[in-house]
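Data first, discussion second: the structure below is written as structure tokens.
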């Protein structure tokens, strides 16, 4: 499988990763056995990158990965493991962001314990604390590298300008951002800045939370999913419109002999050699569809057809609700 370099002169991983938020039932029920089966399939397919966070299922995702590594010790050498910290709650239970040195190290220590390892390959600031200069956050993360608790650092959902500021303090190996045929804003500076600095752009939700698949989540399922039930793209009438607008995309994928999710992955990989999609999945069959996309190279004509079917701005509704927009940096 094609490789992506994580950071300038950094290690290489597969061009497709596993987004392990799905290991914590974010998009529906699952089991640890399902998660383990996906990790087995990843080893077989040569997929090496896996991405999690301390807040996915309040540690459940990390624990599932840790249990797998304990049962399969040789798998640690196969997987490039990323986790995140920086999201917590105040005394009243409200979500807050804490990028202090004390919090980031304590969160990482707890993640390492759940994962059953001494060091993660990549540690992200999950959400930037707006009141704290990002330079201070980069210094904090650099100290964690010096202590041997992580090998590289990253940030999630920051603006290109913030990336430049952090990178001037310590090399930022990866920035995580939502990016797909439905979410194109990273093309307004983040894709370019990452390429310039040698920073990997790790694209989450690359199949737009099922919209860009053969089997989008059914309308009756959405209300049972806490995040999606308030996400504008998944509330009516937007959901019905978006499902209709993506039908030609599914038809084109079938014409090309590809799973729809695979075509969405292939499109992303064609946008830059530094882009690493991390789709989530709860099934091995869906995972194999994603792998198919990672093994597909699209021509310029293919890309033009895709842009004609799903032009920039086609999706109805914002990607986040007002509450969910607290934390990610907007730009442009």
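The values are calculated or read from the model by the stated rules, or taken from the named source; none is laboratory data. Bear in mind that the values here come from a model prediction, so they are computed numbers and not experimental data. All Cβ positions, glycine included, derive from the backbone under ideal geometry; neighbour counts span all protein chains shown.
Quick look at the values:
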read-out	value
Flag if residue 305 is surrounded by fewer than 21 Cβ atoms within 10 Å (Cβ to Cβ) and in contact with a strand residue (DSSP E or B) (Cβ under 8 Å, 6 or more places away or on another chain)	no
Residue check for residue 275: in contact with a strand residue (DSSP E or B) (Cβ under 7 Å, 6 or more places away or on another chain) and surrounded by fewer than 23 Cβ atoms within 10 Å (Cβ to Cβ)	yes
Boolean, residue 260 is buried (at least 17 other Cβ atoms within 10 Å of the Cβ), more than 22 Å from residue 52 (Cα to Cα), under 23 Å from the mean Cα position of the chain (by Cα) and free of Cβ contacts under 8 Å to residues at least 60 places away in the same chain	yes
Of all residues in the stretch 152-165 being without any contact (Cβ under 8 Å) to a residue 40 or more places away in the chain and within 20 Å of residue 52 (Cα to Cα), the one that is surrounded by the most Cβ atoms within 10 Å (Cβ to Cβ)	155
Residue that is nearest to residue 56 (Cα to Cα), among those in the stretch 112-128 that are within 19 Å of the chain's Cα centre (by Cα) and part of a loop (DSSP other than H, G, I, E, B)	126
Qualifying residue in the stretch 148-169 (condition: touching a strand residue (DSSP E or B) at 6+ places or on another chain (Cβ under 8 Å) and more than 25 Å from residue 277 (Cβ to Cβ))	yes
Helices (runs of 4 or more DSSP H) lying entirely in the stretch 244-332 (those with 3 or more residues that are closer than 29 Å to residue 33 by Cβ and at pLDDT 95 or above)	260-269, 284-294
